[in-house]
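For reference, the structure discussed in these notes is given below.
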Amino acid sequence: MISDEQVARIRHLFHAEHWRIGTIAAELSLHPDTVRQALDTDRFRSQPRRRRHLTDPYLDFLRQTLQQYPRLRATRLYQMIVPRGYTGSVTQLRRVLAGLRPPRREAFLRLRTFPGEQAQADWAHFGDVVIGRARRRLSGFVLTLSYSRALWLEFFFDQSLENFLLGHVHAFHDWGGAPRSLETDNLRSVVLERRGDAIHFHPRFLELSAHYHFTTRPSNPRAG
């Protein structure tokens, strides 16, 4: 039996990063049947299996080449895989390489992201509103795409877990997709417990991330 965190990780690697089942099993030290079972689990709603891409047979080759030559341009890699039978375009290849390139180690934080790579989720306060004789606190769920700064804002009367999840679902449906990764504060709807780098995610939020195939990076608590 594997944890909810592992299920979410497996679904992200398969659906978003296009890793093969055997590669995931080897990387996570799991049996391939366990990986298949995690991919078949869908507690939100069923989705058709992802269609195969022309780059799929070359992912291992591209990943190994980038490990040795991380700065190699897409055009050069394109020239390397065409003789090996690749029939797709260089544009298709660039989209795949965006998720394959190893991160560059830098002495400063680079704030540039790829389109659809990252989003930031948080709550915002908008004061109180009067409804009849009652005064209600108004909150806004805010989801921002890091690359385009596209913004989804939805108002709720409380910051409950259900509204937090619903805000994500509405944003993803409106945008026609979800980002590869999500950055949040250490909200109770996301993080139940944290000890240093060890994070216990809320199981309901893990279901959401597994369904939409994104990873989550809560911010580090400020020292002091």
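Values computed for the structure shown
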{"quantity": "Output for region 147-198, where each listed residue is part of a strand (DSSP E or B), modelled with pLDDT of 90 or more, surrounded by 14 or more Cβ atoms within 10 Å (Cβ to Cβ) and not hydroxyl-bearing (Ser, Thr, Tyr)", "calculated": "Trp152, Glu154, Phe156, Leu182, Glu183, Val191"}
{"quantity": "Restricting region 169-186 to residues that are of a type in the set (A, V, I, L, M, F, W, C) and in contact with a helix residue (DSSP H, G or I) (Cβ under 7 Å, 6 or more places away or on another chain), the residue that is farthest from His12 (Cα to Cα)", "calculated": "Phe172"}
{"quantity": "Residues that are aromatic (Phe, Trp, Tyr) and within 10 Å of the chain's Cα centre (by Cα), drawn from region 173-224", "calculated": "Tyr212, Phe214"}
{"quantity": "Matching residues in region 1-31 - criterion: being in contact (Cβ under 8 Å) with a residue 24 or more places away in the chain and among the small types (Gly, Ala, Ser)", "calculated": "Ala8, Ala16"}
{"quantity": "First in region 173-200 and in the same structural domain as Ala124 (by TED's automatic domain parsing), second anywhere and part of a helix (DSSP H, G or I), Cβ under 6 Å, 6 or more apart", "calculated": "Ala178/Phe172; Ala178/Tyr212; Arg180/Ala16; Ser189/Leu161; Ser189/Phe164; Val190/Phe205"}
{"quantity": "Residues (in a loop (DSSP other than H, G, I, E, B) and crowded, with 17+ Cβ neighbours inside 10 Å) located in region 199-224", "calculated": "His202, His213, Phe214"}
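The values are calculated or read from the model by the stated rules, or taken from the named source; none is laboratory data. Treat the numbers as computed from the prediction; the structure is a model and nothing was measured. Because the Cβ atoms are built from the backbone with ideal geometry, glycine has one as well, and the counts that use them run over all protein chains shown.
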